[in-house]
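To keep things clear, I will list the structure first and then write my remarks on it.
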Amino acid sequence: MVYLPNEEKLSQFDRQAFDLEHDKHWQIEQYHRAIKQVCNTEKFQVRGKQATKNHLFAAIYGYFQLQRLTTNKTIMNCYQIRHELFKKVVATFISEFIIGNESLNPVLSFAVNT
């Protein structure tokens with residue numbers, strides 16, 4: 001929805017102009033989603049003014065770097081690197097944790113129909 005108080009400008013606002021404004025809005029939404037989900041702007045344990053500023057700066061700078069990697073075609077999108085890091089962390093944890101805890105592995109037995 002667009003508000004244009006000048007009726008002359010309203011008559012010039014066609015589908016192409018609407019699509020352009022919609023695309024700008026969608027880019028802003030994508031930015032907010034990525035900066036919250038990938039850069040964790042909302043998840044921090046600091047209370048001080050300077051520490052909060054540092055966290056927000058680091059998150060925005062991280063987002064900038066992810067966008068640079070995306071533009072350079074190093075990664076497909078900013079979510080890819082997060083997914084790859086998560087897989088490695090989980091795999092490392094499992095491989096280190098299981099040493100000496102083999103009894104926690106599931107023991108599968110096959111069902112037999114009689």
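The values are calculated or read from the model by the stated rules, or taken from the named source; none is laboratory data. Note that the structure is a prediction, hence the values are computed from the model and not measured. When we count neighbours, we look across all protein chains shown, and the Cβ atoms used for this are built from the backbone with ideal geometry, even at glycine. In case anyone asks, the SASA skips ligands and DNA or RNA and just uses the protein heavy atoms, side chains included. Shrake-Rupley method; radii C 1.70, N 1.55, O 1.52, S 1.80 Å.
Structure data summary
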item: Matching residues in the stretch 85-99 - criterion: being open to solvent by less than 70 Å² (accessible area, probe 1.4 Å) and part of a helix (DSSP H, G or I); result: 90, 91, 92, 95
item: Qualifying residue in the stretch 68-81 (condition: closer than 30 Å to residue 106 by Cβ, among the polar types (S, T, N, Q) and exposed (fewer than 12 other Cβ atoms within 10 Å of the Cβ)); result: no
item: The stretch 35-63, residues that are within 26 Å of residue 83 (Cβ to Cβ) and part of a helix (DSSP H, G or I); result: 35, 36, 37, 55, 56, 57, 58, 59, 60, 61, 62, 63
item: Any chance residue 35 is free of Cβ contacts under 8 Å to residues at least 60 places away in the same chain and open to solvent by less than 50 Å² (accessible area, probe 1.4 Å); result: yes
item: Counted residues, the stretch 1-11 - those being surrounded by 10 or more Cβ atoms within 10 Å (Cβ to Cβ) and not aliphatic (A, V, I, L, M); result: 1
item: Flag if residue 82 is assigned to a helix (DSSP H, G or I), under 26 Å from residue 28 (Cα atoms), among the charged types (D, E, K, R) and touching a residue at least 12 places away in the same chain (Cβ under 8 Å); result: yes
